[in-house]
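> The structure that follows is given in the form of structure tokens.
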Amino acid sequence: MAELHELTALEQWQHLQRGDVSPLELTEHYLARIERLNPELGAFATVTPEAARQRALYVEAEVPKTTPLWGLPFGDKDLQLRAGVPAQFGSRLMAGFVPEESDELTQDLDDAGGVSLGKTAAPEFGLPSYTEGLAFPPARNPWNPALGAGGSSGGAAVAVAARMLPFAPGSDGGGSVRIPAAACGLVGLKPSRGRIPSASGIDKLAGLPVAGPLARTVADAALLLDAMITPRGTHPDHHFALRSPADDAPLLAAAVRGEGRYQLGVMTTSAWDDAYDIRISAEAHDALQLAVREFAALGHGIEESALAPDASYAPAFRTIWQAGAAGIPAETDEQLALLEPLTAWLLRRGRELSARDLGEALATLAAYERSFISQLSRFDAVLTPALALPPRPVGWYDQHDGERNFEQQVQYTPFTSMVNVSGLPAIVLPVAVTAEGLPMGVQLIGRPGGEATLLALGAQLERRLRWQLRTPPVL
């Protein structure tokens, strides 16, 4: 049999169901991999081996095998609360903070039968699109450790790409699942606003951040997403292993079957084109054209499209990004000194905003949401580059000039934040590898509630390109 970490998450789940491996054995396997690989790659901020072992034994003895993630390891993002486990939010300011209660999302993943091995690394308060803060070592790309992993779910992406986890939950407020997925050669899915009850985005500023899965395969992403949506499954009285895995999980069903023919738009314009010099690299163009050719060969309709220029988007989004930092719990000079320069700059700018500034920005983004959805409405899905550039070197981002730093982030990731503003679902697919051996992805943007279509399209492309068989050189 192949090494356990070489199997997909779905295959590992099936081995667990048959009793070929126990939850504790699988947990020990991954803990050993974390011990060996994490010092070089910085995927985990905190590892909880004893708690993980106790949890695995509890799952085996007390949790019904009908739960959708029974015995599968995962890692909580450092922005999520788990009772009794440090939650540092990637910041020196929060050192020593240990919550007494868990977030709803971590509770749901427990209800689904998963086994948390610790906290995956995130940048300070999840604000940047890279994971290279001062509180922890940088999250390094398994395809080339001199390069960054993206962010803010960078630790989760590194852990999955390096086979330290079978899959992992992340959060996405401007691309924070899709950016590291693309940088690390993974599937990353941002669901529709409101789709995951415990991390819907509806209760957040501008409705931007939602939870989503990172995985090596489309089916694994769907498996985790179904568990996030319905933690205990829809048929808790039926033995899941005796049926098709798709019977009780509608999104997994779409990924497993991979059926349908669709009308696809293709575009290289973004919401940032009027504000910054956006240049799409040859590597990003090549990945996009590969996906276009493969989808055309599969019989899908392909049509070029472009967004109408809209100069209102960039200043409004910047306002919301800055406002989101205003509530960081740093009031004294000593506390402010613990923040990284970018975070301190954002906090100051956010606290200078007026209620009128914020209200106008929210109204602008609401209007953009309606316009964006309307412009794409004739397509079943719209194909874009995932990122404009190949993965960036560690240390590439300006750590002192906030304006320059923001510009760099936009130039690397121009295609992601507009999807958060619109509340639409989107999936990143790791379609290509560059001449330098680096992953390059594409993004599919779906209709409201259109996750099943995105998963079906992703599964079709995965069967042709077989990216799940690629192994990062670090392994």
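The values are calculated or read from the model by the stated rules, or taken from the named source; none is laboratory data. Quick caveat, the model's predicted, so the values are computed rather than measured. Virtual Cβ from ideal backbone geometry, glycine too; neighbours counted across all protein chains shown.
> Quick check on this structure: which one of 253, 211 is among the hydrophobic types (A, V, I, L, M, F, W, C), buried (at least 20 other Cβ atoms within 10 Å of the Cβ), modelled with pLDDT of 95 or more and out of contact with any strand residue (DSSP E or B) (no Cβ under 9 Å at 6 or more places or on another chain)?
Residue meeting the stated conditions: 253.
> Another question, then. If I ask for residues that are surrounded by fewer than 17 Cβ atoms within 10 Å (Cβ to Cβ) and not in a loop (DSSP other than H, G, I, E, B), which ones from region 259-279 would you list?
263 - this is the single residue of region 259-279 that is surrounded by fewer than 17 Cβ atoms within 10 Å (Cβ to Cβ) and not in a loop (DSSP other than H, G, I, E, B).
> Also, quick follow-up: Residues in region 194-208 that are surrounded by fewer than 24 Cβ atoms within 10 Å (Cβ to Cβ) and part of a loop (DSSP other than H, G, I, E, B): how many?
Qualifying residue count for the region: 8.
> Keeping to region 134-157, report how many residues are closer than 12 Å to residue 179 by Cα, aliphatic (A, V, I, L, M) and assigned to a loop (DSSP other than H, G, I, E, B).
Count: 1.
> Collect the residues in region 428-449 that are under 22 Å from residue 269 (Cβ atoms), of a type outside the set (Lys, Arg) and surrounded by fewer than 21 Cβ atoms within 10 Å (Cβ to Cβ), keeping them in residue-number order. Walk me through it before giving the result.
Applying the first criterion (under 22 Å from residue 269 (Cβ atoms)) to region 428-449 yields 428-429, 431-432, 440-448.
Okay, now just the ones that are also of a type outside the set (Lys, Arg), so 428-429, 431-432, 440-446, 448.
Hit for region 428-449 is 448, nothing else.
> Shifting gears a bit: Give the residues of region 318-345 that are of a type in the set (Val, Ile, Thr), farther than 17 Å from residue 130 by Cα and under 25 Å from the mean Cα position of the chain (by Cα), sorted by residue number.
319, 320, 328
> In region 85-115, what residues are within 23 Å of the chain's Cα centre (by Cα), assigned to a loop (DSSP other than H, G, I, E, B) and of a type outside the set (Asp, Glu)?
85, 86, 87, 88, 89, 90, 91, 102, 112, 113, 114
> Only one of (1) in a helix (DSSP H, G or I); (2) among the β-branched types (Val, Ile, Thr); (3) in contact (Cβ under 8 Å) with a residue 60 or more places away in the chain is not met by residue 59, so which one is it?
The single condition residue 59 does not satisfy is (3).
> How about region 116-129: which of its residues are in a loop (DSSP other than H, G, I, E, B) and either polar (S, T, N, Q) or closer than 14 Å to residue 170 by Cβ (or both)? Working first, answer last.
Keep residues of region 116-129 that are in a loop (DSSP other than H, G, I, E, B), which gives 121-123, 127-129.
Answer for region 116-129, where residues must be in a loop (DSSP other than H, G, I, E, B) and either polar (S, T, N, Q) or closer than 14 Å to residue 170 by Cβ (or both): 121, 122, 123, 129.
> Now, a different point. If the requirement is being modelled with pLDDT of 95 or more, out of contact with any Pro (no Cβ under 9 Å at 6 or more places or on another chain) and under 16 Å from residue 397 (Cβ atoms), which of these qualifies: 314, 326, 344, 330?
Every option except 344 fails the conditions.
> Suppose we filter 33, 82 for residues that are buried (at least 16 other Cβ atoms within 10 Å of the Cβ), assigned to a helix (DSSP H, G or I) and basic (Lys, Arg); which single one remains? Talk me through it step by step, then tell me what you get.
On the way: 82 fails: assigned to a helix (DSSP H, G or I).
Residue meeting the stated conditions: 33.
> In region 373-391, what count of residues is obtained for those that are surrounded by fewer than 23 Cβ atoms within 10 Å (Cβ to Cβ) and not small (Gly, Ala, Ser)?
Filtering region 373-391 for residues surrounded by fewer than 23 Cβ atoms within 10 Å (Cβ to Cβ) gives 373-380, 388-390.
If we keep only those that are not small (Gly, Ala, Ser) too, we end up with 373, 375-376, 378-380, 389-390.
Final tally of qualifying residues: 8.
> I've got another one for you. Are any residues in region 4-20 in contact with a helix residue (DSSP H, G or I) (Cβ under 8 Å, 6 or more places away or on another chain) and either closer than 19 Å to residue 468 by Cα or surrounded by 17 or more Cβ atoms within 10 Å (Cβ to Cβ) (or both), and if so, which ones? Spell out how you get there, then give the answer.
Residues of region 4-20 that are in contact with a helix residue (DSSP H, G or I) (Cβ under 8 Å, 6 or more places away or on another chain), as a first pass: 4-5, 7-10, 12-18.
Matches in region 4-20: 4, 5, 7, 8, 9, 10, 12, 13, 14, 15, 16, 17.
> Does residue 39 satisfy the condition of being at pLDDT 95 or above and part of a loop (DSSP other than H, G, I, E, B)?
So residue 39 fails the test.
> Next question, about the same structure. For the structure I just gave you, tell me whether residue 458 is touching a strand residue (DSSP E or B) at 6+ places or on another chain (Cβ under 9 Å) and either touching a residue at least 12 places away in the same chain (Cβ under 8 Å) or surrounded by fewer than 24 Cβ atoms within 10 Å (Cβ to Cβ) (or both). Lay out the reasoning, then the answer.
Numbers: touching a strand residue (DSSP E or B) at 6+ places or on another chain (Cβ under 9 Å): yes; either touching a residue at least 12 places away in the same chain (Cβ under 8 Å) or surrounded by fewer than 24 Cβ atoms within 10 Å (Cβ to Cβ) (or both): yes.
Yes.
> Which residue, of 232, 163, is out of contact with any strand residue (DSSP E or B) (no Cβ under 9 Å at 6 or more places or on another chain), closer than 23 Å to residue 19 by Cα and either modelled with pLDDT of 95 or more or buried (at least 22 other Cβ atoms within 10 Å of the Cβ) (or both)? Explain how you work it out, then say what you get.
Values: 232 fails: either modelled with pLDDT of 95 or more or buried (at least 22 other Cβ atoms within 10 Å of the Cβ) (or both).
Among 232, 163, only 163 is out of contact with any strand residue (DSSP E or B) (no Cβ under 9 Å at 6 or more places or on another chain), closer than 23 Å to residue 19 by Cα and either modelled with pLDDT of 95 or more or buried (at least 22 other Cβ atoms within 10 Å of the Cβ) (or both).
> Also, quick follow-up: Could you look through region 158-177, keep only residues that are within 22 Å of residue 81 (Cα to Cα) and either in a loop (DSSP other than H, G, I, E, B) or basic (Lys, Arg) (or both), and pick out the one that is nearest to the chain's Cα centre (by Cα)?
As a first pass, look at region 158-177 and keep what is within 22 Å of residue 81 (Cα to Cα): 158-160, 164-177.
Add one more test, that the residue is either in a loop (DSSP other than H, G, I, E, B) or basic (Lys, Arg) (or both), and what stays is 164-166, 173-177.
Working: 164: 16, 165: 14, 166: 14, 173: 10, 174: 10, 175: 7, 176: 5, 177: 2 Å.
My answer is 177.
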